[in-house]
Every structure is written in structure tokens, then in C-alpha cells.
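Where a number appears in this text, it was derived from the coordinates with a stated rule and is not lab data. Here the structure is a predicted model, which is why all the values come from computation and not from measurement. Ideal geometry is used to build each Cβ from the backbone, glycine not excepted, and the neighbour counts take in all protein chains shown.
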Amino acid sequence: MELTGKVAVVSGGGSGIGRATALALIERGASVVVADIDIAGAEETVRMAASRGGKAAARRCDVTRSEDLAAAFTAATAEFGRFDVAFNNAGIGGEDIFSDEAGDWQRIVNIDLTAVIDATRIAVREMRRGGKPGVIINTASMGGLLPMPDSPVYAAAKAGVVNFSRSLGYLAADSNIRVNAICPSFVDTPLVRRSGEERMQEVGRLVGGILEPEDIAAGVIELIEDDSRFGSVMRVTIRGGRDFVREVRPF
Ligand SMILES: NC(=O)c1ccc[n+]([C@@H]2O[C@H](COP(=O)([O-])OP(=O)(O)OC[C@H]3O[C@@H](n4cnc5c(N)ncnc54)[C@H](O)[C@@H]3O)[C@@H](O)[C@H]2O)c1
């Protein structure tokens, strides 16, 4: 999909990977609805977009609420006249499952998996209604492809995003909507900085280095622009750059 004149909704667009992607979309000539539970972060992204001459709108959106998601997608058409791309990217980490008395692990599943399913479901319906081609990119993680002993719930949720997105590849033929997943390795964002500088450097050494949010944004742009990609799972790593998980041989 050629991005000039198109309209995208980026969840988690108020920080990190979402913000970098919103700005990359602006640079390609798209307009962006920046949807985030952190409205101040979303507004800052909109200011950054405006300073680059781009059109963006901030929208407070809690991705665990279907009505917020629906409002963010309809805002694309209301604000900018169309809706072409959904980047379902909002996410959290930071679990400690075996000392989790309050059951907070469920929040990770709710945001990192359930909300991605819900956002995809609502975006597909909205895109079908518009009758034009659409692209949906869901943010998974290398943690969705590999074991993560310190974050097993996060790994399970992200593995769910991978196979959910891959399962919807058929929508390209069915409705002209391409659904793909992106699996970043370790990226320098507030999400990982919360675990502290020492931990960050330690993981960085383990995976061969730390990516920048712009590296993931470039992957998202590639997935949007390459019409041959549907049901694909892109990895972004320091060692391998951008590549794709090979299709699983069916039976
Ligand atoms: N940083 C990494 O190393 C890394 C690696 C792989 C995957 N990811 C994934 O990338 C995505 C973006 O993470 P990031 O690293 O940019 O983190 P980040 O913390 O910088 O950004 C996440 C954004 O999501 C928003 N958010 C959180 N809960 C929300 C909710 N309920 N509704 C709406 N917005 C909400 C936050 O306010 C924040 O702006 C996440 O899905 C994360 O799991 C990150």
C-alpha cells in the first residue's frame, strides 16, 4: 500500500515504538490517529508530527475497552476522511507471576493479547464497511517466538498475537485486508527502561545489542508497503536485521 494520503490508527502511539511509527507514517505522507491511554504522550506525538508538517490527532483510548477502540477507528474517518491502516501496538510488560497475589498477570493478557484480538476484529469490520484495501499490523515480540523464563505470561500473550495474526492471512483474498505481525527483539523504550539500566544492559548483551524504536517503525512501514505480505511474521533483531519467520509446513 502506498502511504501518501492514507490514514492510520496507532495504538500506544504516545511512546516508544508507537510514537516512532506514527512519525514514520507522517514522513510517508499519511495522517495518523494517535491512540493511547496516556493522552499527554499522544498529544506530544501529535506536536512532533505537526513540527514535521504532518497531520495527526490524539485520542484517549484504553485498548481493553471495545468502545474506545471503535471510537479510535471511526475517528480516522471523522478526522481525516478514511481509514486504511491499524497498528495495534499498545502493550505492557513487567510481570512477577509467582509473587503475584493480586492476579495482575491477567492485565498483561488483557492488554497484550485480548485487546489485540478485539482491535483487529473491530478494524476488520470498519475496513470492510469502507470497502477499500486495509492493512493491520499487530505488535508481537521475539518473546512470542522463544521462551521467556522471566516473563512467561508476556511470552504466551505475544505467541497468541503471532498465531492469531498468521491465522488471518486469508483476509487478503477474502476482503483485501492484509494482517501481519511484527516481532521486535529488545528495543530502547520506556517499557524496558522501567526494569533499570543494569538489567537493560544485561539483556542487551544477551541478544547482541539494543534496537531503536525507529528500527521497528521501518519494519512496520515495510509490512504496510509490501502488498505481497499477509499472514507474515516479521522479526526485527540486531543480529538478523529484518527477516521473516518461515511458514510452518502444514502437517
Ligand atoms: N521495547 C521492547 O523491547 C519491545 C520488544 C518487543 C515487543 N515490544 C512491544 O512493543 C509494543 C510497544 O511497546 P514500547 O516498547 O514502545 O513501550 P512503551 O511503554 O514505550 O509504549 C507503550 C504505549 O502503550 C500505551 N498503553 C499501555 N496500556 C495501554 C492501554 N490499556 N490502552 C492504550 N494504550 C496503552 C502506553 O501508555 C504507552 O504509550 C508493546 O506491545 C510491547 O510489548 C516491545
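Name the pairs: first residue in segment 98-123 and over 18 Å from SER141 (Cα atoms), second residue within 15 Å of the ligand (Cβ to nearest atom) and β-branched (Val, Ile, Thr), Cβ to Cβ under 7 Å, at least 6 apart or on different chains? Partner pairs satisfying both residue conditions: ALA123/ILE136. Of the helices (runs of 4 or more DSSP H) lying entirely inside segment 167-227, those containing at least 2 residues that are farther than 16 Å from SER141 by Cβ and more than 14 Å from the ligand (Cβ to nearest atom) span 171-175, 197-207, 213-225.
If you take the residues of segment 21-53 that are assigned to a helix (DSSP H, G or I) and within 8 Å of the ligand (Cβ to nearest atom), which of them is nearest to THR74 (Cα to Cα)?
So the residue we want is ALA42.
Taken over segment 155-173, the residue count meeting the criterion of being within 11 Å of LEU113 (Cβ to Cβ) and surrounded by fewer than 17 Cβ atoms within 10 Å (Cβ to Cβ) is 1. Give the residue that is nearest to the chain's Cα centre (by Cα), with candidates limited to residues of segment 174-215 that are of a type in the set (Gly, Ala, Ser) and loosely packed, with under 14 Cβ neighbours inside 10 Å. Among those residues, the one meeting the criterion is GLY209. Once segment 96-139 is narrowed to residues that are surrounded by fewer than 24 Cβ atoms within 10 Å (Cβ to Cβ) and hydroxyl-bearing (Ser, Thr, Tyr), the residue that is farthest from the ligand (Cβ to nearest atom) is SER99.
Counting only residues that are over 17 Å from the mean Cα position of the chain (by Cα), over 20 Å from ARG125 (Cα atoms) and surrounded by 15 or more Cβ atoms within 10 Å (Cβ to Cβ), segment 48-95 holds 7 of them.
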